[in-house]
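The structure appears below as structure tokens.
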Amino acid sequence: MPVLEAKGTEVELNDEGFMVDSSQWTPELAEALAEKEGIGALTERHWKVITFCREDAAQNGQPPGLRRISKLSGVPTKELYQLFPKGPGKLAAKVSGLPKPKACI
Amino acid sequence: MSTQITEPRAEENVAPTPARTPIEHVSVIVSKGTLDMAYPGLILANAARMSGIDATLFFTFWGLDVITKKSIDHLHVATVGNPSMHIPTMLGGLPGMESVASEVMKKQMEKLDIPPVREMIEILYDSGAKLYACQMAMDMFKRTREDLVPQVEDVISAMDFFDKSEGAQVLFI
């Protein structure tokens with residue numbers, strides 16, 4: 001299984017690049033995941049999305065879909081695609097250390 | 001004269017494993033204007049965009065209703081000639097049945113956090129999906145550009161659609 005390393009911590013990723021254990025997530029790992037996924041340096045707007053995803057998943061037991069993120073995080077759909085151009089549906093959850101969302105919207 | 005048949009060598013017999021290439025572009029042809037046929041195309045195109053896949057949508061024939069200002073908020077489920085409704089066709093034809101069935105479906109969609117069609121079209125537009133109307137269908141139903149919602153990029157021919165679908169997986173719905 002692939003492994004991601006950030007500042008001396010190693011975590012396991014699944015074959016699609018999602019963290020296996022979301023409780024191991026740290027902000028440093030988010031930066032490493034963003035680097036790996038070609039997102040680059042995380043801005044304050046990225047962090048707004050990541051913080052929302054982490055909190056929402058902790059409350060609901062599953063990662064939020066994109067419509068939920070755009071409705072509740074304060075970051076609109078258009079901007080989500082600018083922040084995560086290669087697919088915000090997967091990447092927001094991935095960088096947040098969460099599994100792949102089940103929501104289709 | 002005898003013909004000798006030679007067995008192909010083992011390594012020639014093995015078909016090469018095809019390389020799995022990720023989908024990079026989907027083109028969805030939306031040809032129906034009922035609620036139950038509009039959603040699948042819109043949801044698939046949106047799922048593609050969420051995964052970072054380019055999406056092109058081509059609205060043709062009754063699919064034009066999905067992007068027409070007057071009809072976008074009033075799409076219905078077909079209660080007649082729809083075996084999946086599980087009600088007798090005679091009942092499905094009664095006045096008001098279609099409205100009731102459509103309302104039930106809309107409520108169920110909202111419960112699943114699936115937005116109304118108008119919002120789906122806005123989400124698709126914001127996601128960078130490209131929406132096109134079919135010129136021939138527009139002529140046939142006597143509609144003009146002004147009849148369509150502003151998220152529609154252009155009115156194009158079928159040949160234009162294929163030009164814009166280069167390298168895409170094409171889905172007909």
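Quick note: the coordinates plus some simple rules give every number you see, no bench work behind them. A quick note: this is a predicted structure, and the numbers were derived from the prediction, not measured. Neighbour counts are summed over all protein chains in view; Cβ atoms, including those assigned to glycine, are modelled from backbone coordinates with ideal geometry.
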Would you mind counting up the charge near A:Ala41? Only other residues with Cβ under 14 Å from its Cβ, with Lys and Arg at +1 and Asp and Glu at -1.
-3
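Which order do the peptides B:71-77, B:85-91, B:57-63 come out in when sorted by mean C-beta neighbours inside 10 angstrom, highest first?
Numbers: B:71-77: 17.3, B:85-91: 11.0, B:57-63: 23.1.
Put in order of decreasing packing, that is B:57-63, B:71-77, B:85-91.
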Determine the shielding of peptide A:80-91 by partner chains: average, over its residues, the number of Cβ atoms on other chains within 10 angstrom of each Cβ.
4
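Within a 10 angstrom radius of each residue's Cβ in B:43-56, how many Cβ atoms of other chains show up on average? Whole number is fine. Walk me through the numbers on the way to the answer.
On the way: counts 2, 1, 0, 6, 6, 2, 6, 16, 7, 10, 2, 0, 0, 0.
Going residue by residue through B:43-56 and averaging, the value is 4.
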What do you get for trypsin sites (Lys or Arg not before Pro) in the stretch A:18-105 restricted to DSSP loop and a cutoff of at most 11 other Cβ within 10 Å of the site's Cβ?
A:Lys102
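So what is the 222 nm mean residue ellipticity for chain A from helices alone, if each DSSP H run of at least 4 adds -39500 (n - 2.57) and you divide by all residues, rounding to the nearest 500 deg cm²/dmol?
Rounded to the nearest 500, it is -13500 deg cm²/dmol.
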In the stretch A:1-44, which GluC sites (Glu not before Pro) fall in coil by DSSP and have 12 or fewer other Cβ atoms within 10 Å?
A:Glu16
Charge dipole of the protein assembly as shown built from unit charges on the beta carbon (Lys, Arg +1; Asp, Glu -1), centred at mean Cα; most positive-end Cα among B:Val28, B:Pro18, B:Val117 is B:Val117
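If the limit is 32 Å between Cα atoms, which of A:Lys90/B:Lys106; B:Lys107/B:Lys164; A:Lys7/B:Lys111 go over it? Before the final figure, lay out each step's value.
Working: A:Lys90/B:Lys106 27 Å; B:Lys107/B:Lys164 35 Å; A:Lys7/B:Lys111 43 Å.
In this structure, B:Lys107/B:Lys164; A:Lys7/B:Lys111 exceed 32 Å between Cα atoms.
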